[in-house]
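**Student:** Got a structure for you, written out below as structure tokens; questions coming shortly.
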Amino acid sequence: SPTNMMAEVERFVVLWNLLELMSTITEALVMEHAIFCAVFDQVEGVLPRLSSAQEAKLLATVAEGLLSNHAETEKNLAYSVLDHVLNEDDRLNRLHQDHHEIDEHFKRVHRAKEPAEAQRLLKKALAATREHFRREEEIIFPFLERVLRPETLETLGKAWMASNSASAQSVVRNRVTT
């Protein structure tokens, strides 16, 4: 309903404003992880009520859309810095492998024919994404905070905000006008 849509837009704006308060790249990414996990909870909540594989595929497409920009930001901001610091370290290789595996999980959802199979595969994709977030938050982000100066973390955080600001404002404008 239009009322529910406006409530969702307002909630998005509140969350976005909270993200703007995050001063470092790690704070912003942790907050974004929390938002995504809340969306994943909602997706998993509706999975049992789906009647077709196509519905699960649609939800997978929504999740992939959210994760696409997030993954690009991680690669361009956080991981590029890690590349210089870690060189051939297994931690960075694992993160790149995680991204590849998550992409593969979502591709399997899109190939599923039966609703139960698509639901199971989507749950697996969301679980792999949550595990990746956990690994980043427990290993990589603390490492970044140890090896980078606070000013560098803040500069990366501002770059993250700039890269996300235009797309978020566009989403809000489109939701309000439709």
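Quick note: the coordinates plus some simple rules give every number you see, no bench work behind them. What you see is a predicted model, and the numbers here were worked out from it, not measured in a lab. Cβ atoms come from the backbone with ideal geometry, glycine included; neighbour counts cover every protein chain shown.
**Student:** Calculate the length of the line joining the C-alpha centroid of the stretch 36-52 to that of the stretch 104-166, in whole Å.
**Tutor:** Between the Cα centres of the stretch 36-52 and the stretch 104-166 lies a distance of 18 Å.
**Student:** Now a separate question. Between ALA34 and HIS96, what is the label-point separation in nm under the 7 Å Cα-to-beta-carbon projection?
**Tutor:** Result for the modelled spin labels: 3.2 nm.
**Student:** In nanometres, what is the gap between the two model label sites at LYS158 and ASP41, each 7 Å from Cα along Cα-to-Cβ?
**Tutor:** 3.4
**Student:** Let me ask something else. Listed here are the pairs LYS75/LYS107; LYS75/LYS124; LYS107/LYS158; which of them are more than 28 Å apart at the Cα? Walk me through the numbers before you get to the answer.
**Tutor:** On the way: LYS75/LYS107 20 Å; LYS75/LYS124 23 Å; LYS107/LYS158 33 Å.
Listed pairs above 28 Å: LYS107/LYS158.
**Student:** Still on this structure: With r as the distance between the Cβ atoms of ASN76 and ARG149 and R0 = 22 Å, compute the FRET efficiency 1/(1 + (r/R0)^6) and round to 0.05. Can you show the working numbers first?
**Tutor:** Numbers: r = 19 Å, r/R0 = 0.88.
Working from the Cβ atoms, E equals 0.70.
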